[in-house]
Amino acid sequence: MLILGIETACDDTSAAVVADGKDVLANIVWTQNQVHKRFGGVVPELAARRHMEVINYVIQAALDQAGVSFQQINAVGVNCRHGLLRSIMVGVAAAKAIAYSQGIPLIGVHHIEGHIYSNIIENPDIEFPHICLTVSGGHNLLILVHAPGKYELIGRTWDDSAGEAFDKVAKILGLGFPGGPIIDRLAKQGNPKAFDFPRPMLNSPSYDFSFSGLKTSVTTKVAQIKSQGSELNAADIAASFQQAVIDVLVAKTWKAAKEKNIPVISVAGGVSANSLLRTTFAELANQQGVRVIFSDISLCTDNGAMIAALAYYKYQQGYVSDWDLDALANAPLGDLGLIYKKPLRS
Ligand code: KG4
Ligand code: ZN
């Protein structure tokens, strides 16, 4: 079964063609970094306009790369939950037009569930239950995945996500946008022990996160160094900040896995591309004998393949959306009520 997946949650316009939920025949991502970098963050109005300009080209590029035509596509999956509302609406409108004109099913899906499924594409044998840390610019969640489609939210951020903190610290250091990959690269030349930044909520009993205090601490330190006229070693700041974030993300996830006695962890979302996060989790897996799953870097940040894969599994479970499918900026994970009014098969 060939599914066309469309993803426009934030500033990436993406379309993919995936066979049977696992074989990625094409996964085109048109990033808008050039549009937003001069603002140091995503400007929602500009993001939506750019999606509208490029969406047809991106979809055509995905079909071309996969070597298929619209007539060979069996269903269209689209992110209709979670992200910038006007951006999502562009993807949903495109998906509806294609599905309606081709007479094929439309399957709306939740963006964060898509991130969870980005790991299932390459690891369809993943055990349930498992703990999923999904962390990007727009969210920072610890989820107990009981079974496909059955999620228990056990931890969330009280303020900023880790991705947001990466982007803001890069902005403070004048490094560019998006900050995550830039800090990741720069940190390799710095000393992670140069500055003792706080590890927020590291020892709290909950599985929640908070990164805004850490960001403020970096801001204050940078201002202090500048006001003293001392030389600012951006690589040391980047490495010390990154170490603080990764320490918290890994420790909280491990705490959840240990306390709930679940030996399988998956890590998803844009920040899961981070090299220190990946090596630290790999070390944890070795030391503690747990299984830690990451997806290929191309599937960590927003992409259409994860949406197509998830749509495949939803379709297998008997779900399709109606033509009045709407778009929401926020929706609870696992709530199917508004996405699928009626299961295809019960
Ligand atoms: O999943 P994603 O593409 O979009 C959202 O759903 O937000 O994630 C984008 C976020 C950005 O904050 C970006 O800075 C961060 O993921 N990111 C990284 C890395 N690559 C992307 N953060 C840390 N290290 C990276 N290598
Ligand atoms: Zn995302």
> Put a dot 7 Å past each Cα toward the Cβ at residue 247 and residue 74; how far apart are the dots in nm?
Replying inline: 5.0 nm
> Kirkwood Rh over Cα pairs of the stretch 1-150 into Stokes-Einstein at 25 °C, 0.890 mPa s: D in µm²/s?
Replying inline: 153 µm²/s
>> Restricting to bridges with both residues inside the stretch 1-102, how much of the DSSP beta-bridge set is antiparallel, in percent to the nearest 5?
In response: 80 percent
> Rounded to the nearest 500 deg cm²/dmol, what is the calculated helix-only ellipticity per residue at 222 nm for the chain, with -39500 (n - 2.57) per DSSP H run of length n ≥ 4?
Replying inline: -13500 deg cm²/dmol
>> If I ignore ligands, DNA and RNA and count only protein heavy atoms, how much of residue 275 is accessible to a 1.4 Å probe, in Å² to the nearest 10?
In response: 40 Å²
> Could you give the angle, 0 to 90 degrees to the nearest 10, between helix 275-288's Cα long axis and the longest principal axis of the Cα atoms of the chain?
Replying inline: 90 degrees
> Just how many % of Cα pairs in the stretch 144-216 lie over 16 Å apart, if you round to the nearest whole percent?
Replying inline: 61 percent
>> So if each residue of separation counts as 0.36 nm, and I subtract the Cα-Cα distance between residue 288 and residue 56, what length gain in nm does that give?
In response: 78.8 nm
>> Looking at the chain as a GNM with Cα springs under 10 Å, which of 291, 38, 278 has the largest mean-square fluctuation?
In response: 38
> Setting aside same-chain residues fewer than 8 positions from residue 226, which lysines have a Cα under 16 Å from its Cα?
Replying inline: 171
> For the stretch 214-342, which semi-axes, largest first and in whole Å, follow from the square roots of 5 times the eigenvalues of its Cα gyration tensor?
Replying inline: 37, 22, 14
> Rg(Cα) of the stretch 107-229 divided by 2.2 N^0.38 Å?
Replying inline: 1.26
> Could you list log10 I(q)/I(0) for the chain at q = 0.14 Å⁻¹, which the Debye formula gives when each Cα is one point scatterer?
Replying inline: -1.10
> Counting only protein heavy atoms and using a 1.4 Å probe, what share of the accessible area of the stretch 1-142 belongs to carbon plus sulfur, as a whole percent?
Replying inline: 55 percent
> Roughly speaking, what is the stretch gain from residue 259 to residue 216, that is 0.36 nm per residue apart minus the C-alpha to C-alpha distance, in nm to one decimal?
Replying inline: 12.4 nm
> If you count the DSSP beta bridges with both ends in the stretch 117-269, what percent of them are antiparallel, to the nearest 5?
Replying inline: 70 percent
> If you build a Gaussian network model of the chain, linking Cα atoms that sit under 10 Å apart, which residue out of 168, 314, 150 swings the most?
Replying inline: 150
> Rolling a 1.4 angstrom probe over the protein heavy atoms, how many square angstrom per residue are accessible across the stretch 105-175?
Replying inline: 32 Å²
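Assuming 0.36 nm per residue, please report the length gained on full extension of the stretch residue 336 to residue 125 beyond their Cα-Cα distance.
73.5 nm
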> Pairs 193/221; 188/221; 150/255; 22/252: which are spaced more than 18 Å apart, C-alpha to C-alpha?
Replying inline: 188/221; 150/255; 22/252
> For residue 43, what charge total do you get from the other residues with a beta carbon under 14 Å from its beta carbon, if Lys and Arg give +1 and Asp and Glu give -1?
Replying inline: +3
> With every protein chain kept in the model, how would you rank 208, 326 by accessible area, 1.4 Å probe, largest at the top?
Replying inline: 326, 208
> For helix 111-122, what angle does its Cα long axis make with the longest principal axis of the chain, in degrees from 0 to 90 and rounded to 10?
Replying inline: 90 degrees
> Based on the alpha-carbon gyration tensor of the stretch 101-162, what equivalent-ellipsoid semi-axes (square roots of 5 times the eigenvalues) come out, in whole Å, largest first?
Replying inline: 24, 17, 10
> With charges set only on the Cβ (+1 for Lys and Arg, -1 for Asp and Glu), what does the dipole of the chain come to about its Cα centre, in debye to the nearest 20?
Replying inline: 440 debye
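The values are calculated or read from the model by the stated rules, or taken from the named source; none is laboratory data. On a predicted model such as this, the values are computed, not experimentally measured, just so you know. As a convention, Cβ positions derive from the backbone with ideal geometry for all residues, glycine included, and neighbour counts pool all protein chains shown. The area values use the complete protein model at the heavy-atom level, side chains included, leaving out ligands, DNA and RNA. Shrake-Rupley method; radii C 1.70, N 1.55, O 1.52, S 1.80 Å.
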